[in-house]
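Before we start, here is the structure in question, set down as structure tokens.
The values are calculated or read from the model by the stated rules, or taken from the named source; none is laboratory data. Computed from a predicted structure; not experimentally measured. Cβ coordinates were reconstructed from backbone atoms using ideal geometry, including for glycine residues, and neighbour counts include every protein chain displayed.
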Amino acid sequence: MAKTKSVAKAPAAKQKTARQKLAAAAPSAPGIDIGIKVGERKKIAEGLSRFQADAFTLYLKTHNFHWNVTGSMFNSLHTMFETQYTEQWAALDDVAERIRALGFNAPGSYREFAALTSIPEEAGLTDSADWREMVRQLVVANEAVCRTARQVLDVADDADDAPTEDLMTQRLQTHEKYAWMLRSLLQ
């Protein structure tokens, strides 16, 4: 039995040694050197994380209202909300990828989003909701996203981070337009 044990251990030991040799030979990832200091990248990523939380909260609210809108404006709003939440969903990925490019993890859980968002939780309006209240909430939420984007834009500008500035400028244009279009329905 002693021979069997040593034979059984030998292949495992050889495999472990082979794995160790492979790991030692594999190059490790170099540090991030994109021309922005780590402290500045961290501030930008933190701002983008707050923006991501606001944008996700707005996305979820818009999608919820798409599902639950009723009344005389049903068809128009159902279509408008769908257009907006579809565009917002695609943009969430761009923001998360920018956070990752800066070397940090993007938030991705309800708990993280709830802790980071500036948009207060309001009733879901699923019981005979008035479309005007839905539109009002979406105006307020789009404007909150704009304010957060402006904060990130300032930090990115200070760090000379053109890609983040461009991303936030695009998001500002979109959310300012959404706020204007939605507000117009209430005037």
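So residue 54 passes all but one of these: (1) of a type outside the set (A, V, I, L, M); (2) surrounded by fewer than 17 Cβ atoms within 10 Å (Cβ to Cβ); (3) modelled with pLDDT of 95 or more. Which condition number does it fail?
(2)
For the stretch 69-77, does any single residue satisfy the condition of being crowded, with 17+ Cβ neighbours inside 10 Å, under 12 Å from residue 134 (Cβ atoms) and modelled with pLDDT under 95?
Yes: one or more hits.
Mind counting the residues in the stretch 131-163 that are among the basic types (Lys, Arg), without any contact (Cβ under 8 Å) to a residue 40 or more places away in the chain and over 17 Å from residue 41 (Cα atoms)?
Qualifying residue count, the stretch 131-163: 1.
Hey, any hits in the stretch 142-149 for a residue that's at pLDDT 95 or above, among the polar types (S, T, N, Q) and touching a Leu at 6+ places or on another chain (Cβ under 7 Å)?
Yes.
Also, quick follow-up: For the stretch 21-51, how many residues are at pLDDT 70 or above and farther than 30 Å from residue 147 by Cβ?
Here the count works out to 6.
If you don't mind, there's one more thing I want to ask. What helices (runs of 4 or more DSSP H) lie completely within the stretch 107-186 and have 2 or more residues being touching a Pro at 6+ places or on another chain (Cβ under 8 Å)?
In the stretch 107-186, 110-116 are the helices (runs of 4 or more DSSP H) which contain 2 or more residues that are touching a Pro at 6+ places or on another chain (Cβ under 8 Å).
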